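See below for the structure under consideration.
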Amino acid sequence: MSCRNTSELHILGSSDQLVLQPLWDQLRARDALTQSPLFAVLFSISTYVGFCLPFVVLDVLCPWVPALRRYKIHPDFSPTARQMLPCLGQTLYQHAVFVLPLTLLSWACGPAPWPREAPELLQLARHVLGCLLLFDAEFFAWHVLHHKVPWLYRTFHKMHHRNSASFALATQYMSAWELFSLGFFDAVNVTLLQCHPLTVLVFHVLNIWLSVEDHSGYDFPWSTHRLVPFGWYGGVTHHDLHHSQFNCNFAPYFTHWDRILGTLRSK
Ligand SMILES: [Zn+2]
Ligand SMILES: [Zn+2]
């Protein structure tokens, strides 16, 4: 009986793994390309710009399509090209000057060999959630510190607050120190949890999407904070309030840290 259960569990585990194996095999077949440092930087930029693009199109359409304004947190605000282009320029500049050299350095130290097996789907989901919760806690602590210490705010975080009504391309409008801190938290978390490379990729893509959504300025019926129950997730409405009021909603995604420390605010 116990042998049968063990074998059933093994089969279940294998089928769970099989879901992601074809995708993982495809990536492994192109590992010379996908493990190159230039690919990592180009993938990061194109994922970010790709997630921003639909919101840029909506912002351009908004003055001519009044129906869109009901989903806007600030219905009368549409970012201009003079606001959006410096933000895009900052992202490209920082990836070229800071992210690419760091990625090259890590690549020169020797990339870790990729395993043959894909991660199990449930393990991938657990690790991605773990990375998100850790990132949320770390950025909450960093964010509170950089608001409470005036020198830290002026020197490192003020730049991100230049746009009080945020828009998608303003997501990565930040100082090099802030970008480095976010990247450091990302790297520490995936190392701490010993994530599979495919899990790391999924976490990075999800993290980029959630941060862009946070700054998009649009509150849709399918926005993440409306899909997660019990008000556990703050998302775009909470982060927008942080940009306009400064002293609340310091966590980027979830609400528990702000709730515990009394800094949670809703509209
Ligand atoms: Zn802030
Ligand atoms: Zn922000």
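Each value in this text was obtained by applying a stated rule to the coordinates, not by laboratory testing. Predicted, not measured: the structure shown is a model, and the values here were computed from it. A quick note on method: Cβ atoms are made from the backbone with ideal geometry, for glycine too, and the neighbour counts reach across all protein chains shown.
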J(HN,Hα) series, the stretch 70-76, from Karplus relation 6.51 cos²θ - 1.76 cosθ + 1.60, nearest Hz, glycine and proline x
5, 8, 8, 6, 10, x, 8
With a cut-off of at most 15 other beta carbons within 10 Å, and DSSP calling the residue loop, which trypsin sites (Lys or Arg not before Pro) in the stretch 32-140 qualify? Please list them.
Arg116
I want the local charge near His242. Using Cβ-Cβ distances under 15 Å, sum +1 for each Lys or Arg and -1 for each Asp or Glu among the other residues.
-1
With unit charges on the beta carbons (Lys and Arg positive, Asp and Glu negative) and the dipole taken about the Cα centre of the stretch 21-261, which residue among Leu85, Trp177, Leu124 sits farthest to the positive side?
Leu85
Using 0.36 nm per residue of separation minus the Cα-Cα distance, give me the extension gain between Leu23 and Leu122 in nm, one decimal.
34.1 nm
In degrees from 0 to 90, rounded to the nearest 10, what is the angle of the helix 176-192 Cα long axis to the longest principal axis of the chain?
20 degrees
Note down the net charge around Tyr253, summing +1 for each Lys or Arg and -1 for each Asp or Glu among other residues with Cβ under 9 Å from its Cβ.
-2
When the chain is fully extended, how far beyond the present Cα-Cα distance does Arg70 get from Ala137, taking 0.36 nm per residue of separation?
20.9 nm
Tilt relative to the chain, helix 197-215 - C-alpha long axis, 0 to 90 degrees, to 10:
20 degrees
Just to confirm a number: summing +1 for Lys and Arg and -1 for Asp and Glu over residues other than Lys148 whose beta-carbon lies under 15 angstrom from that of Lys148, what do you get?
+1
Could you give the angle, 0 to 90 degrees to the nearest 10, between helix 37-61's Cα long axis and the longest principal axis of the Cα atoms of the chain?
40 degrees
Name the long-range amide H neighbours of Gly234: under 5 Å, sequence gap of 5 or more, or other chain; modelled H, no Pro or chain starts.
Phe254, Thr255
